1. Would the stretch 1-88 count as rounded, prolate or oblate if I go by the C-alpha gyration tensor, calling it rounded below 1.5 in a/c and otherwise prolate when a/b exceeds b/c, oblate otherwise?
2. At a 10 Å Cβ-Cβ cut-off, how would you order F97, F54, F162, fewest neighbours first?
3. I need to check one value: relative contact order of the stretch 4-162, counting alpha carbon pairs closer than 8 Å and at least 6 residues apart, in percent.
4. Cα-Cα over 21 Å: which of K70/K125; K70/K90; K15/K133; K90/K158?
5. Skipping prolines and chain starts, which residues have an amide H placed within reach, meaning under 5 Å, of the one on T130, given they are 5 or more residues away or on another chain?
6. What is the local net charge at I152, summed over the other residues whose Cβ is closer than 10 Å to its Cβ (Lys, Arg +1; Asp, Glu -1)?
7. Could you tell me which trypsin sites (Lys or Arg not before Pro) in the stretch 54-161 are loop residues by DSSP with no more than 16 other beta carbons within 10 angstrom of their beta carbon?
8. Rounded to the nearest Å, what's the spacing between the alpha carbon centres of the stretch 91-162 and the stretch 17-50? Just the number, please.
Amino acid sequence: MNGREAIQAALEATKGNLPVYVRDFSDADLLVRPVPGANHAAWQIGNVITGDVFFISQELPDTPYPELPKGFFELHGSDGAKKDEGFLTKAEYLSLFEKVRTTTIAAVGKLTDAELDRPVTGKGKVLAPTLGKLFIMLSNHTLMHAGQFTVIRRKLGKPVLF
């Protein structure tokens, strides 16, 4: 396994994990906050989606991401975190996540291992110094939010998954 394949494997794993955490959520469950001020799952899934598109499009502008709904970036940014209305359905989020993450994984596959060492020049450089590390950060971003889903699951009385 080379570096590109290892990064793709991490992105594939989190692509598979995120839907498992919310598979038994209703659309209403996606809007449950575990405590006041915490983010609900709808915002978090959208934030994961926007993270892939935002960071990779700055570094690889020809990456053919699907078009996101109007206002999607704003709704899933810091200001949108306070909102409880205007969010998509679970099916819509999972479909977008699948398409976006598949595009991210394909972008990694087009790179050489040497290109993964290229310095990041966009806003992601404060989070990851190289392109390879930026892709790994996106996998970790997904895991971080999935961990927050477990708290929402507990509040909703859902079974423990892992």
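Please treat every number below as a calculation from the coordinates, not as lab data. For clarity, every value in this text was computed on a predicted model and none was experimentally measured. In this analysis, Cβ positions are derived from the backbone assuming ideal geometry, glycine residues included, and neighbour counts consider all displayed protein chains.
1. oblate
2. Neighbour counts put them in this order, fewest first: F162, F54, F97.
3. Averaging sequence separation for qualifying contacts and normalising by length gives 36 percent for the stretch 4-162.
4. Details: K70/K125 27 Å; K70/K90 18 Å; K15/K133 17 Å; K90/K158 16 Å.
Over 21 Å Cα-Cα: K70/K125.
5. Those qualifying (amide H under 5 Å, at least 5 residues apart or on another chain) are V120.
6. Taking every other residue near I152 into account, the sum is +4.
7. Hits after loop and neighbour filter: K70, K83, K110.
8. What the calculation gives is 15 Å, centre to centre.
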